[in-house]
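The numbers here are math on the coordinates, done by the rules we state, and not lab data. Keep in mind the model is a prediction, meaning the values are calculated, not measured. Note that each Cβ is placed from the backbone with ideal geometry, even for glycine, and that neighbours are counted across all protein chains shown.
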Amino acid sequence: KKEKLLAEAQKLLQKGLTDKAIKIYQEALALDPQDQRVRQRLAELLIRVNRLEDARTEFLAVGKALATNGFYLKAIAVYKQIEKLFPDDITITLTLASLNEQHGLVAQAMAEYKKAFEYFERTENMAEAVTVLQSMQKTDPQNVNIRLKLAEVLHQLGRLDEAYQVFTALAGLVAERRDEAS
């Protein structure tokens, strides 16, 4: 029955009846809620008719399902589509950073974390900025600049014991590098 519905939806789309096709896709999805291809196609059609929030809901379900099943690259592609629709949604940026990190794409993860850090810095949400810097440090533990920025922000926030620990670890890292360079 689902295949029959999808064929009917295709015919409606060929006739330019996108709203009716959306209803058919929703029926097909009700028959098989786990079919992420149908859900993704539904989301794409929802974008066509400018139902962006509904599209976001469907894309989020697809992205979450893909990530849960270990399909990180596909999940990243879906979240990138959401990011295009909602470029100011910092939760999407953080999700992308995490997915890239889980898939071992350190440079991409760091780029997403950097966007998130800059957002939190700009909005003066320094507690979240620290959390992002800590994630960045975990992702790239040998990055001196991130450790330094983390220590500075912690110091500015008056979290002196934590800042001291990060500064100390940073000094040790720099000393190690100097020894290796000799």
If each residue of separation counts as 0.36 nm, what is the full-extension length gain between Glu53 and Ala77 once their alpha-carbon separation is subtracted? 6.8 nm
Over the Cα atoms of the stretch 53-121, Rg to Rh with Kirkwood Rh, two decimal places? 0.96
What is the distance in Å between the Cα centres of the stretch 42-63 and the stretch 68-105? 16 Å
Show me the GluC sites (Glu not before Pro) within the stretch 124-160 that DSSP assigns to loop and that have at most 15 other Cβ atoms within 10 Å of their Cβ. Glu124
Using every alpha carbon pair in the chain, what percent of pairs falls into each 10 Å bin from 0 up to the bin containing the largest distance? 9, 27, 25, 17, 11, 7, 3, 0
Can you compute 3J(HN,Hα) from phi for each residue in the stretch 81-90, using the Karplus curve 6.51 cos²θ - 1.76 cosθ + 1.60 with θ = phi - 60°, rounded to whole Hz and x for Gly and Pro? 5, 5, 4, 5, 6, 10, x, 9, 7, 5
With the crude spin-label approximation of a point 7 Å out along Cα→Cβ, what separation in nm comes out for Val144 versus Met126? 2.5 nm
Calculated from DSSP H runs of 4 or more alone, at -39500 (n - 2.57) each and per residue, what is the 222 nm mean residue ellipticity of the chain, nearest 500? -27000 deg cm²/dmol
